[in-house]
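J.: What follows is a structure written as structure tokens; I'll ask about it next.
The values are calculated or read from the model by the stated rules, or taken from the named source; none is laboratory data. Bear in mind that the values here come from a model prediction, so they are computed numbers and not experimental data. Methodologically, a virtual Cβ is constructed for each residue, glycine included, from the backbone with ideal geometry; neighbour enumeration extends over all protein chains shown.
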Amino acid sequence: MRTIPRNNSLFKESVCTRCGECFHYCPELRLSLKIAKQEIENLIEGKVSHYVLLHCTTCFSCNLYCPNDCKPYQLILERWNDLYKQRGAPPIYRFVCPTIEHNLWQMLQVFMSSEEYLLINRWMNQIPKDSILLIGNYLHLLPFVFGNSKLLDNFTPVDLLDHWECGGYLYQGGYLDVVKHIAEKCKQDFNMWKVKEIVPALDAVHWMLTAVHPNEMGVLHNCEVVNFHELLLKKIKKSEIIFQNNLKRVVTVHDNCFSKAGDGRYWDSPRQILKLSGCKIVEMEHNRKDSLCCGFGSGASWNNPFRIVFDIMAVSKRKFQEAEATKADALITYCGGCLYLLWASRELFGNKIDVFHIIEIVRMSMGETIYYPEPHVRRAWDLITIINYHLLMSLLRKPFWIDKISLDEKILESKRYLGLRILRKLFDVPIIRILYRKGFRIVLPKMVTPRKF
Ligand code: SF4
Ligand code: SF4
């Protein structure tokens, strides 16, 4: 794929005093000031990073710690982009590339129920109208979260896998040159559809469309982009969405990485919605600007491709420990990406705290019946099966470069995946599930990337 020029990086090298505060206060790294100063120096000079590029969970917090608003996070992304150009993406990353054969969405089709299949097909073949709800790649994995909810009567849901969440998860991994291509494709599609208003289900996508595409990629969209949670809140307050049930739950809130991008605007609406639904919120030790990653972001700082899954799970384990320490009875996420990762983690570590997407909370408050936890448990094991397949395949594969961003319909054609189906059936056998969990927990500490700090 040819490289097309992006705007200059947002990192303000001329204002950076190299004080190291960004990485010193980082909730993941907590580097000593001495090491933190050395690390920022190394990143600016393009020298080897011994800490940040190896253990960063791409959580955005360092931007909020910098006293001079230098945007050190964008410097990290630039350095990962440099590394990507040299060494490619790790073999296992193929599974989140919708344009490459045997990706997650293609493989998941063999496990989806006919109702789920119908839903996503409807969303994927929807004719876009003036105003659309972008479902996106993550909620595509969990169509039961929206289901046939009356909530969708308020929107025209559109689901395109080759928008890659408008480049959101590639951006976080530093695949910046690829994101530029995706931004151009999004613009082409939106223009072709003549869409006037876009409501992305993810705050991450809202940020990509309103800030990253125009400011970092040089791609300005000609339509209004409305924040989903702010819109939901407005509709609830105006009684366009009516809450019938007071849920009376004690919950804690997971603030996702992208939620830290919008100067705090993404933290408040989900909390207000929860309060209106009758939930009492108890905050985790790390919340809002200090929030810990669900684990997913840990894959960005890969070094040894085989350790990626274990690094992700180790970070996720810490998130659950914090959530359970609050004694809340449910952990609420307002990001679909975090949701599927948290559920896979919950199944592997045997956590007891309930995990809901905020849409499920809204639906229960509206008086709708949601099926819980069965579809989440089932999907978690579907995903664990697919990840195991890719983990094994990654032993035989080399790093790669993403050379195609548009989806070839053939890729989504259903395949038999006999081996995958057998493995999935095995995971339904209780004793195998128990043994797998035990084995995973024993192996995990030995497989995570060792830390020198
Ligand atoms: S980016 Fe900000 S916090 Fe980090 S070293 Fe530079 S001035 Fe200090
Ligand atoms: S993005 Fe998050 S984990 Fe990475 S260095 Fe910044 S604060 Fe730390």
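J.: List the number of the failed condition for G147; all other conditions in (1) within 16 Å of ligand 2 (Cβ to nearest atom); (2) at positive phi; (3) not β-branched (V, I, T) hold.
T.: (1)
Table: residues versus (1) among the hydrophobic types (A, V, I, L, M, F, W, C); (2) touching a Lys or Arg at 6+ places or on another chain (Cβ under 7 Å).
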{"residue": "S149", "(1), (2)": "no, yes"}
{"residue": "Q172", "(1), (2)": "no, no"}
{"residue": "Y175", "(1), (2)": "no, no"}
{"residue": "C223", "(1), (2)": "yes, yes"}
{"residue": "V226", "(1), (2)": "yes, no"}
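J.: Here's another thing I want to ask about it. Can you tell me which residue in the stretch 24-48 is nearest to ligand 1 (Cβ to nearest atom), limited to those that are over 18 Å from K12 (Cβ atoms) and of a type in the set (K, R)?
T.: Here the answer is K34.
J.: Please tell me if V282 is surrounded by fewer than 18 Cβ atoms within 10 Å (Cβ to Cβ), hydrophobic (A, V, I, L, M, F, W, C) and under 25 Å from V145 (Cβ atoms).
T.: Spelling it out, V282 is indeed surrounded by fewer than 18 Cβ atoms within 10 Å (Cβ to Cβ), hydrophobic (A, V, I, L, M, F, W, C) and under 25 Å from V145 (Cβ atoms).
J.: Residue check: is E78 of a type in the set (D, E, K, R) and more than 20 Å from the chain's Cα centre (by Cα)?
T.: Here the answer is no, as E78 does not meet what is asked.
J.: Additional query: List every residue pair whose Cβ atoms lie under 6 Å apart, where the two residues are 6 or more positions apart in sequence or sit on different chains, the first residue falls within the stretch 55-80 and is assigned by TED's automatic domain parsing to the domain that holds F296, and the second residue, located anywhere, is more than 9 Å from ligand 1 (Cβ to nearest atom) and of a type outside the set (A, V, I, L, M).
T.: Going by the 6 Å Cβ cut-off, there are no qualifying pairs.
J.: Next up: Is there a residue being part of a helix (DSSP H, G or I), surrounded by fewer than 16 Cβ atoms within 10 Å (Cβ to Cβ) and either of a type in the set (A, V, I, L, M, F, W, C) or more than 16 Å from ligand 1 (Cβ to nearest atom) (or both) anywhere in the stretch 65-82?
T.: yes
J.: Of all residues being surrounded by fewer than 24 Cβ atoms within 10 Å (Cβ to Cβ) and among the aromatic types (F, W, Y) in the stretch 287-322, which is nearest to W343 (Cα to Cα)? Just the residue, please.
T.: Among them, the one singled out is F320.
J.: Within the stretch 394-413, is there a residue that is closer than 18 Å to N304 by Cβ, assigned to a helix (DSSP H, G or I), out of contact with any strand residue (DSSP E or B) (no Cβ under 8 Å at 6 or more places or on another chain) and in the same structural domain as I100 (by TED's automatic domain parsing)?
T.: Yes, the stretch 394-413 contains a residue that is closer than 18 Å to N304 by Cβ, assigned to a helix (DSSP H, G or I), out of contact with any strand residue (DSSP E or B) (no Cβ under 8 Å at 6 or more places or on another chain) and in the same structural domain as I100 (by TED's automatic domain parsing).
J.: Now, a different point. Mind telling me which of the residues L33, L54, L64 ends up being closer than 29 Å to I182 by Cβ, out of contact with any Pro (no Cβ under 8 Å at 6 or more places or on another chain) and more than 10 Å from ligand 2 (Cβ to nearest atom)?
T.: One residue alone meets the criteria, L54.
Conditions tested, residue by residue: (1) hydroxyl-bearing (S, T, Y); (2) in contact with a Phe, Trp or Tyr (Cβ under 9 Å, 6 or more places away or on another chain).
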| site | (1), (2) |
| --- | --- |
| L10 | no, yes |
| Y25 | yes, yes |
| L29 | no, yes |
| S32 | yes, yes |
| I44 | no, yes |
| V48 | no, no |
| I100 | no, yes |
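J.: Scan the stretch 5-35 residue by residue and report those that are assigned to a helix (DSSP H, G or I) and either surrounded by 15 or more Cβ atoms within 10 Å (Cβ to Cβ) or touching a residue at least 40 places away in the same chain (Cβ under 8 Å) (or both).
T.: E21, C22, F23, H24, I35
J.: Out of the stretch 26-68, which residues are among the hydroxyl-bearing types (S, T, Y) and within 23 Å of the chain's Cα centre (by Cα)?
T.: Y51, T57, T58, S61, Y65
J.: What is the one condition in (1) touching a Cys at 6+ places or on another chain (Cβ under 8 Å); (2) at pLDDT below 95 that C166 does not satisfy?
T.: For C166, the exception is condition (2).
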